[in-house]
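Worksheet: one structure, shown below.
Just so it is clear, none of the values below were taken in a lab; they were calculated from the coordinates. Model, not experiment: these values are computed from the prediction. With ideal geometry, Cβ positions are generated from the backbone for all residues, glycine too; neighbour counts draw on all protein chains shown.
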Amino acid sequence: MNQSEAILLTIAKCSHEAERAFRWTFGDLSMDIWDKAEQQAIADAVRNVAAYISNPESGPELRHNIWLAEKQAEGWTYGTEIDSKAKKHPYIKPFHHLPDEKQAIDNIVHAVIRSLT
């Protein structure tokens, strides 16, 4: 692993742990610590950091837009509850229509990444 990759992973780990801490504050214990996180979660964190580095003028909505585009490409649509079989999710909507808590997560992750790049 070269130095650039190591830095990218370190920033991704910091952003992951910031999100996990925020979620835990509100009782969402679904995220594992970085060292036990699923490979998909690690890949998502790294992809988010790389996107911010490539687009330094972007705002916190970038993270949601990346996720949204991936979900829509997989056939997901809006639904009031998460339904994996029907591919429905309540966050399949523009960033500014998300609940405050979800926007806050993206704002915190953005702040962590921006401060470390």
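Numbers for the structure displayed
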quantity	calculated
Cα gyration tensor shape for region 14-110, rounded if a/c is under 1.5, else prolate or oblate	rounded
Full-extension gain in nm, ILE66 to ILE42, via 0.36 nm per residue minus C-alpha separation	7.2 nm
Among SER15, SER84, SER58: highest mean-square fluctuation, GNM of the chain, C-alpha pairs under 10 Å	SER84
Length gained when the stretch ASN107-THR80 is fully extended (0.36 nm per residue, less Cα-Cα span)	7.4 nm
Degrees, to the nearest 10: 39-54 long Cα axis against longest axis of the chain	70 degrees
Residue exposure sequence - THR80, THR117 - by fewest surrounding Cβ within 10 Å	THR80, THR117
Tilt relative to the chain, helix 100-116 - C-alpha long axis, 0 to 90 degrees, to 10	20 degrees
Residue-by-residue Karplus 3J(HN,Hα) for region 13-30, coefficients 6.51, -1.76, 1.60, Hz, glycine and proline x	4, 4, 5, 4, 5, 5, 5, 4, 5, 4, 4, 4, 4, 9, x, 8, 9, 6
Contact order normalised by residue count of the chain, Cα under 8 Å, 6+ apart, percent	31 percent
Label-point separation, MET1 to THR25 (7 Å along Cα→Cβ), nm	2.8 nm
Ranked list, fewest to most other Cβ atoms within 10 Å of each Cβ, for GLU70, GLU61, GLU19, GLU81	GLU81, GLU70, GLU61, GLU19
